[in-house]
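The values are calculated or read from the model by the stated rules, or taken from the named source; none is laboratory data. Everything numeric in this text was worked out from a predicted model, so none of it was measured. Here the Cβ positions follow ideal geometry from the backbone for every residue, glycine too, while neighbour counts run over all protein chains shown. Ligands, DNA and RNA are excluded from the accessible area calculation, which covers all protein heavy atoms including side chains. Shrake-Rupley method; radii C 1.70, N 1.55, O 1.52, S 1.80 Å.
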2 protein chains.
Amino acid sequence: MSKPSIPQGTRDFSPEEVRKRQYIFNTLRNIFETYSYQPLETPAMENLLTLTGKYGEEGDRLIFKILNNGLHEKKEEDKGRLNEEWGKVLSKAYSSPVVTERALRYDLTIPFARYVVMHQNELAFPFRRYQMQPVWRADRPQKGRYREFWQCDADVVGSTSLINEAELLCIYQSAFHQLGIPNVSVKINSRKLLAGIAELCGTPELMMDITIALDKLDKIGWDGVAKELQQRGINDAGITQIQKVTDVNGNNEEKLMALEAIMDSSATGLQGIAELRQTLAYRSELAEEQWEAKVEVDISLARGLNYYTGVIVEVTTGAVQMGSIGGGGRYDDLTGLFGLKNLSGVGVSFGIDRIYDVMEELQIFPEHLATGASVMLVNFGGANEQYALHLLKALRSEGVAAELYPDAAKFDKQMKYANKRGVAYVLLPGDEEREKNMISVKNFTTGKQEMLALPECINMLKTV
Amino acid sequence: MSKPSIPQGTRDFSPEEVRKRQYIFNTLRNIFETYSYQPLETPAMENLLTLTGKYGEEGDRLIFKILNNGLHEKKEEDKGRLNEEWGKVLSKAYSSPVVTERALRYDLTIPFARYVVMHQNELAFPFRRYQMQPVWRADRPQKGRYREFWQCDADVVGSTSLINEAELLCIYQSAFHQLGIPNVSVKINSRKLLAGIAELCGTPELMMDITIALDKLDKIGWDGVAKELQQRGINDAGITQIQKVTDVNGNNEEKLMALEAIMDSSATGLQGIAELRQTLAYRSELAEEQWEAKVEVDISLARGLNYYTGVIVEVTTGAVQMGSIGGGGRYDDLTGLFGLKNLSGVGVSFGIDRIYDVMEELQIFPEHLATGASVMLVNFGGANEQYALHLLKALRSEGVAAELYPDAAKFDKQMKYANKRGVAYVLLPGDEEREKNMISVKNFTTGKQEMLALPECINMLKTV
């Protein structure tokens, strides 16, 4: 028999990992609920037609497709047709509904849009939803990139109010505050500002080109960006204008005022600036003073996705070498893909796997998540086992997570288990304890041992 | 554009449904953790080889297989081979690693066994784990049967102690107590008792035949069972013996004593009785008095799965017309499938979808799960909007889930939204409230409205 394994790019999550991941999910869930976002879950499988054409040509190829079942039951005379359709799978079409008509969820955005369109008559708009589920992509696996990974999105559709943008910024700040991730920076920009820059250059059609070049400012510096802008067809006057924009500095309001002066001939650009200013104003009404994450206007922020049309955001932490741990923005016509027009939306996403990695590297997960239940009762057999069961029942009925070693095995064996399992306390219900109706408690970290009455013991364990 | 839809047999879960399902999952999770069971999660995809041959021929056919990616990139000279392999998919083999080498999880038991074998050196045995994840089966969808559904399993491997069986019974009792499902009956039997009956009939090799016939006692009565036993090759003397067994009645101990008398020539049968007695004794040491679910010895309980070897259990409720809502038992060699021998285990499973349906039909979900956040602030615009933001921040910082209507839309429109969204309280921060630094609170159920100071308002909303 060959050694069992799991598919490349997938992961088993050990008890410790599940608890730590649940901690992140629960923290975010509580914040979403406090902001009145509602949970949604969609199936792992979508109709292939729902997904294809939504993620670009490269995306289409990375969708995991599910083989139709029952193909072996087809009649002999249908096999010719089946072989023909199989040919399509091997060709550039790489798909055929006869061979595959279902596929695995590729992101949470398209299923959300599909859900809103299907349920548009029941939903109360603006509809705020959050969703935390795995997605699957046939990407080449590498460090930090998996074929099964979790997305966590919060979106509101059916409202153009910038209060929504402001609340999403607060959700980011509150979340990273509660998770304890230091040195977090929330960058904010507007696609309208980027469009304004393109107008300023006299080449509104090159907005995406300019965006792509600007996005590299961090990596290749201004000289590199200028060179790329030239290659992408921006003339020298345009490049000078763009340089003025990237030279803007100061605090957020100083940046916005400077941009206003540069942009005064672009209505779109000015609108972008006004929206950023209003978003920041709303945010400061709502934000709590103790949130450390800074919110900063960053004109070089681009965000890859084409469907963004207004404010865009991205989150990074300076505490660990890592890409963005969150991002999002406003999109004007997502549900249009499924026939429901004019429903503006704005949303943000949390990079769960990266947030996990950051917290692990910084060792900021609460300690108790490592082992879960932390009390083990030693099983001395016979009447002592019965006494142990009595204690076990009392502990659990008070909500103390506890286990009894299930066999009266050798003491050393039981201690070895307790050690490997990582328990914090071992209880020793032996003859003396049973006769005195007490219990010896051994702190497994300090080695300290004391004999307590049961109520004392329960009180002590309830507070650890 | 065609109307969007989801694959047959799959479901979207609305906010209300997600909250109710989470309530079930959280209740179970808390109990598992209190019993020191540890969470595990495995990937949605397994290697097809891990799954095939584990669920019988019918099961193999119901596994959802994932098409290998990148088939269109294969070289022209490889296409002949690909077509040949495709032929296997159309044949009785219905699979080929060149076409598909991954598949969707079909249950949680096989991935658990696979995990234990892969991590046998790191794990502390006995290893207790729980797992709550979706599985996928290409069954024909029908009422209550889905192609994507959730399983929730708790198992312990590496211990033969019957304390494990007793704790699993307690987990059932505690869970259905906490969920508030009435009229729950936990049936218990032993495969060894069933084997003993077959020995008694002089046909130990017909144990599964006898089990299958006995399983129908509820549906077809004794006469039907007797007829089926005859057809399955049990002679009249054997049938008389079996009738004696099924006639056994009284409380659990009375049944066990009567069975002991009948079984006294079968060592296996007597062992089964002894194990049931010990399991029930352990259970009564651990069980809390308020748990309503009855635990009853039922000699006709069979459970379908072949791999059970000891105690078996099944849970039903008399409150709703519904099949079993849970079941499980001891198996002696699950990990042997992957090369790790002699690791006995015992586990139980919760039927999440059915439990949900029962609770929905009985309307016993806590009311607050229907809407989640239950406070909406009306947006009167301008200075009142700013005042509303101030209130919103104060509410949220105190943990009160709340939202502000994001636009200063017409009052009627905002009320209509509040109504459709199902909020419990509407706050009205208008001119008067702002000037007095107070807030009018309208109970949306009773229609009652009163003006409160903010601290009063927060205290009131914190307790609802």
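The figures follow:
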{"item": "Test set (1) touching a residue at least 60 places away in the same chain (Cβ under 8 Å); (2) touching a helix residue (DSSP H, G or I) at 6+ places or on another chain (Cβ under 9 Å); (3) open to solvent by less than 10 Å² (accessible area, probe 1.4 Å) - B:Ala198 fails condition number", "result": "(1)"}
{"item": "Long-range neighbours under 6 Å by Cβ, at least six apart or interchain, first residue open to solvent by 50 Å² or more (accessible area, probe 1.4 Å) within segment B:425-450, second assigned to a helix (DSSP H, G or I)", "result": "B:Arg434/B:Asn384; B:Arg434/B:Tyr387"}
{"item": "Residue list for segment A:283-308, restricted to those being farther than 19 Å from A:Gly326 by Cβ and buried (at least 19 other Cβ atoms within 10 Å of the Cβ)", "result": "A:Ile299"}
{"item": "Boolean, B:Asn384 is in contact with a Ser or Thr (Cβ under 9 Å, 6 or more places away or on another chain) and either farther than 15 Å from B:Val464 by Cα or of a type in the set (D, E, K, R) (or both)", "result": "no"}
{"item": "Test result for A:Thr34, of a type in the set (S, T, N, Q) and open to solvent by less than 20 Å² (accessible area, probe 1.4 Å)", "result": "no"}
{"item": "Failed item, numbered, when B:Ala453 is tested on (1) at pLDDT below 95; (2) over 24 Å from B:Glu367 (Cα atoms); (3) small (Gly, Ala, Ser)", "result": "(1)"}
{"item": "Residue that is farthest from the chain's Cα centre (by Cα), among those in segment B:414-450 that are within 10 Å of chain A (Cβ to nearest Cβ) and of a type in the set (Lys, Arg)", "result": "B:Lys416"}
{"item": "Filtered residues of segment A:392-411 (kept if more than 8 Å from chain B (Cβ to nearest Cβ) and more than 42 Å from the chain's Cα centre (by Cα))", "result": "A:Ala408, A:Ala409, A:Lys410, A:Phe411"}
{"item": "Qualifying residue in segment A:44-54 (condition: among the hydroxyl-bearing types (Ser, Thr, Tyr) and under 26 Å from B:Phe64 (Cβ atoms))", "result": "yes"}
{"item": "Qualifying positions in segment B:142-172 - within 12 Å of chain A (Cβ to nearest Cβ) and not hydrophobic (A, V, I, L, M, F, W, C)", "result": "B:Tyr146, B:Arg147, B:Glu148, B:Gly158, B:Ser159, B:Thr160, B:Ser161, B:Asn164, B:Glu165, B:Glu167"}
{"item": "Matching entry among A:Leu461, A:Leu389 (being under 38 Å from the mean Cα position of the chain (by Cα) and in a helix (DSSP H, G or I))", "result": "A:Leu461"}
{"item": "Enumeration of residues in segment B:339-353 that are open to solvent by less than 20 Å² (accessible area, probe 1.4 Å) and of a type in the set (A, V, I, L, M)", "result": "B:Val346, B:Val348, B:Ile352"}
{"item": "Selection count where residues are part of a strand (DSSP E or B) and open to solvent by less than 40 Å² (accessible area, probe 1.4 Å), scope segment B:109-148", "result": "11"}
{"item": "Matching residues in segment A:398-446 - criterion: being of a type in the set (S, T, N, Q) and at pLDDT below 95", "result": "A:Asn419, A:Asn443, A:Thr445, A:Thr446"}
{"item": "Residue count, segment B:144-178 (criterion: more than 24 Å from A:Gly399 (Cα to Cα) and acidic (Asp, Glu))", "result": "1"}
{"item": "Residues satisfying the stated conditions in segment B:360-389, i.e. surrounded by fewer than 20 Cβ atoms within 10 Å (Cβ to Cβ) and closer than 30 Å to B:Gly144 by Cβ", "result": "B:Glu360, B:Glu361, B:Leu362, B:Gln363, B:Ile364, B:Phe365, B:Pro366, B:Glu367, B:His368, B:Leu369, B:Ala370, B:Thr371"}
{"item": "Sole exception among (1) open to solvent by 90 Å² or more (accessible area, probe 1.4 Å); (2) under 25 Å from A:Gln290 (Cβ atoms); (3) in a loop (DSSP other than H, G, I, E, B) for B:Gly399, by number", "result": "(1)"}
{"item": "Verdict on B:Arg21 being open to solvent by 40 Å² or more (accessible area, probe 1.4 Å) and within 22 Å of A:Arg29 (Cα to Cα)", "result": "no"}
{"item": "Residue that is open to solvent by less than 20 Å² (accessible area, probe 1.4 Å) and of a type in the set (Phe, Trp, Tyr), where the choices are B:Tyr356, B:Tyr331", "result": "B:Tyr331"}
{"item": "Pair list, Cβ < 6 Å and 6+ apart or interchain, from segment B:243-258 residues that are in the same structural domain as B:Ser300 (by TED's automatic domain parsing) and surrounded by 13 or more Cβ atoms within 10 Å (Cβ to Cβ) to residues that are part of a helix (DSSP H, G or I) and not aliphatic (A, V, I, L, M)", "result": "B:Val248/B:Lys255; B:Leu256/B:Arg277"}
